[in-house]
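This report refers to the structure that appears directly beneath it.
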Amino acid sequence: MDTNKKSLSFMISELKRFFKFFFSELKPKGKVFTPFNIITGIIMLTGAVLLVIRFAFGLGTITNLSQEYPWGLWIGFDVITGVAFAGGAYVLTFIVYIMRDEKYHPIIRVTVLNGFLAYVFYAGALLLDLGRPWNVINPIIGNSFGVSSVLFLVAWHFLLYMLAEFIEFSPAAAEWLGWKKTRKVLAGLTLGAVIFGITLSTLHQSGLGALYLMAKAKIHPLWYTEFIPILFLVSSVFAGLSMVIFEGSISHKVFKHRISEEIHRSHNDIVIGLAKICAGAMFVYIFLKALVFVHGQHWTYLNSGWGLWYLVEMIVFVAIPCFIFIEGYQSKKINLIKFGAVLTLIGIILNRLNVSVIAFKWYEAVRYYPTWGEIVVTLAVISAEIWVFRWIVNRMPILSDMPDWAKRQDQIGELESVTQKSESLKWKASIT
Amino acid sequence: MDRRNFLATVGTAVGASFIGRNAKASEKIEMMGILIDTTKCLGCRSCEYSCAEANGYPEPSDDSDKLFNSHRKTSENSLTVVNKFVIDENEIYVKEQCMHCAQPACAAACLTRAMHKTKEGPVVWDGSKCMGCRFCMISCPFDIPKFEYFSANPKISKCVMCWERLAKGEIPACAENCPNEAIVFGKRSDLIHEANNRIYSEPDAYVKHIYGEHEVGGTGVLYLSSVSFENFKFRTDLGEEAYPEFTKEFLYGVPVILTLFPAFLLALSNSTKREKTFTEGEGGNGH
Ligand code: SF4
Ligand code: SF4
């Protein structure tokens, strides 16, 4: 009885400590009224007002969506493109935790954090687009499972993936809070979360493409193919890594004061390595695209505006950046690689928007284009993500070194796993 | 047959053989449908009025001359529309509404099963489940489901073959009120039989094509016409495969990947770990 009371009061005092710490950390670090803060602040406020209008009077009040174009910028860019950009997390966790290439270890945390936030915000933007959002729990609580729906799978995989990424990221949060025991437990879950996460990623990256399989009669033949899911998966590899290169070079400037010696030292090496992987993935992608093109006998379509548009996408924004990456890593030109990454990112935006918006109902006389309201809400979502990202990076050991106690924990963990292994070897030896 | 149906059928079959009873429950109920004979349509739009009345939609405008000047589509306020086409100086009127596909893309797309095909044939919508994602609109090859963009509580509207009237033993309002029997309601197989009869007894009056017999795997609504269907801006490039088939391979792949991938990744991870432990004398990174 007494011990119960004691542990209860202990827990309460711990909780109090946590909230005190948490609220003290909520305060911004550094100047508040920077140009960036003012602009993004205004964007977010406007976005919030627009969303109130949208939920009160319907989607049509602030968007250009119509019976012909039920999905616009919010799905095509926020979700379909945003998730491709978040692909860096699953590719890098594969390289670091499965292939155990230590070279990329320094940037794994920031990449996972970025991936996690991208999902929370961009996939979260999906909710803004739902006409009857209060029913969103239906496919989750199992009241009615539409298992034959690709969207059902995508929704579930999004949810589970966010959980996996949260677990992957959580040791950093535990280090920030100084929760040693919790961190040990969470760190132990990482490999499981990584394996789970990579599996889910391959499924929903391709699943986003599979969403459009039934729109066969509506997407221009240069973009529709039954291989959309595979093309989406392959392109998410270089989309994600290009985003890592791009964000990395920005973080390097913005968070100079937080960047650990290790990241700083290895930065160029990492960028060159990523460029190599990007080039490889892009080569595979170009090959697959060519295969689809030849197989579908699409030559005749080239002779039109759509054909030109297709060539621009494929040559300017895939083939050229592919060569740039090759040249970049061969002659170690970091800035050239960064330029290639930007081109690639634009190319991915074009490709995803082509499938979902631009070449969708290409035969329609009245075309969809986003309203300023849709654009502002999209920018607001991006701004909010950057704010949260900045808040976390400025507090938790994401770019900075982890605390010494955490390093020690990891070393002990390694030792344990080695001794365990040698024990089991000994044991095996003893029975043979 | 989609996977769920397949499992249900297998389940029933296995269950039935165990219980030793006849699997009467799974006996197929015949799909009901509607036959629209465009050669008989007078363009009176009675179907539009009766549809609006039966389903509680605003009464359609009666300015037919003006309406017939443009090609109309169904909308969130009108589940069926009649269009006029002048072909070789003949006026042809064509009614449009949901095709009630045998294997509807809209239902396969719906992640809450709000849109679903009843075993009697109509494809219906359940507002208590729908979350308004509009994936049904993306997927329907005929662009039928419509969404209320200016409502805080938007509905998906489309023809439901007067589902509630059928339950009461009545027939769809449009079929009941057509003065010239251009709209016939009945068992789909009977309707196809009837349509073929008409084509063969009056070969000059019809083209030899029942639109909807094979399109997208067969639809519940069938059309007869004196001219080819491109003239009505009907899509004739949709193919004969049922649209849910296009996602089948992907969906079949999912459980395979979900079971095989983790095992593969774990094995890969273990192999790289061991290598490190023995060659460099350090374990894999634990966090
Ligand atoms: S026509 Fe469209 S809405 Fe109607 S059943 Fe077929 S797929 Fe569904
Ligand atoms: S809008 Fe409603 S009916 Fe259509 S797919 Fe989404 S949940 Fe289903």
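Some notes on this structure:
- 21 Å Cα-Cα threshold exceeded, pairs from A:LYS253/A:LYS338; A:LYS361/B:LYS73; B:LYS73/B:LYS208: B:LYS73/B:LYS208
- Partners of A:LYS289 within straight-line reach, counting aspartates and glutamates whose Cα lies under 17 Å from its Cα and excluding those fewer than 8 residues away in the same chain: A:GLU226, A:GLU313.
- For the range A:203-279, the dipole from Cβ point charges (+1 on Lys and Arg, -1 on Asp and Glu) about the Cα centre works out to 200 debye, to the nearest 20.
- Under conditions of 10 °C and 1.306 mPa s, the range B:141-207 yields 106 µm² s⁻¹ as its translational diffusion coefficient, taking Rh as the Kirkwood radius over Cα pairs in the Stokes-Einstein equation.
- Positive minus negative residues near A:ASN335 (Lys, Arg vs Asp, Glu; Cβ under 14 Å): +3
- When the Cα positions of A:VAL312, A:HIS298, A:PHE325 are compared along the charge dipole of the range A:265-334, A:PHE325 comes out farthest toward the positive end, with charges on each C-beta of Lys, Arg, Asp and Glu.
- Degrees, to the nearest 10: B:188-201 long Cα axis against longest axis of chain B: 50 degrees
- From its DSSP helices (H runs of at least four residues, each -39,500 (n - 2.57)), chain B gives a residue-normalised ellipticity at 222 nm of -10500 deg cm²/dmol.
- Degrees, to the nearest 10: A:228-254 long Cα axis against longest axis of chain A: 60 degrees
- Along its three principal directions, the equivalent ellipsoid of the range B:126-257 from the Cα gyration tensor extends over semi-axes of 30, 23, 15 Å, largest first.
- Residue-normalised convex hull volume from the C-alpha trace of the range A:73-210: 125 Å³ per residue.
- More than 32 Å apart - percent of Cα-Cα pairs taken over chain B: 38 percent
- Only one residue of B:HIS209, A:GLY30, B:CYS110 has its Cα farthest out toward the positive end of the dipole of the protein assembly as shown, where Lys and Arg carry +1 and Asp and Glu -1 on Cβ, and that residue is A:GLY30.
- Overall form of the range A:31-112 per C-alpha gyration tensor (a/c, 1.5; a/b vs b/c): oblate
- Helix A:320-330 axis, angle to chain A major axis (alpha carbon atoms, nearest 10°): 40 degrees
- Positive-end residue of B:GLY220, B:ASN177, B:TYR200, charge dipole of the range B:155-245 with Cβ unit charges: B:ASN177
- Per-q log10 I(q)/I(0), the range B:208-253, q = 0.29 Å⁻¹ (Debye; single scatterer per alpha-carbon; no solvent): -1.08
- The dipole here belongs to chain A: it is taken about the Cα centre, uses +1 on the Cβ of Lys and Arg and -1 on the Cβ of Asp and Glu, and is about 920 debye.
- Compactness check for the range A:156-204: Cα Rg over 2.2 N^0.38 Å is 1.20.
- Gyration tensor verdict on the range A:131-190 (Cα atoms; rounded if a/c is under 1.5, prolate if a/b is larger than b/c, oblate otherwise): prolate
- Rounded if a/c under 1.5, otherwise prolate or oblate - the range A:322-397, Cα gyration tensor axes: oblate
- Kirkwood-type radius of the range A:139-249, with distances r between different C-alpha atoms, in Å: 16.3 Å
- Cα-Cα P(r), the range B:107-170, percent of pairs per 10 Å interval: 21, 53, 23, 3
- Radius, Kirkwood style, for the range A:206-268 when every pair of distinct Cα atoms is counted (Å): 14.3 Å
- Counting only other chain Cβ atoms within 10 Å of each residue's Cβ, the peptide B:249-259 averages 5.
- MRE, 222 nm, helices only [DSSP H, n ≥ 4, -39500 (n - 2.57), over chain A, to nearest 500]: -22500 deg cm²/dmol
- Under-5 Å amide H pairs with B:TYR211, H placed in peptide plane, nonlocal only: B:TYR223
- Measuring nothing but alpha carbons in the range B:45-180 and taking Rh as the Kirkwood radius, the Rg to Rh ratio lands at 0.97.
- Eigen-decomposition of the gyration tensor built on the alpha-carbon atoms of the range A:274-422 gives equivalent ellipsoid semi-axes of 41, 25, 16 angstrom, largest listed first.
- Convex hull projection area averaged over all views, the protein assembly as shown, Cα basis, nm²: 42.3 nm²
- Relative contact order of chain B, defined on C-alpha pairs under 8 angstrom at six or more residues apart (%): 21 percent
- Peptide-level mean, for A:199-210, of C-beta atoms on other protein chains within 10 Å: 3
Coordinate-derived values only; no laboratory data. Because the structure is predicted, anything quoted here is derived from the model rather than measured. Because the Cβ atoms are built from the backbone with ideal geometry, glycine has one as well, and the counts that use them run over all protein chains shown.
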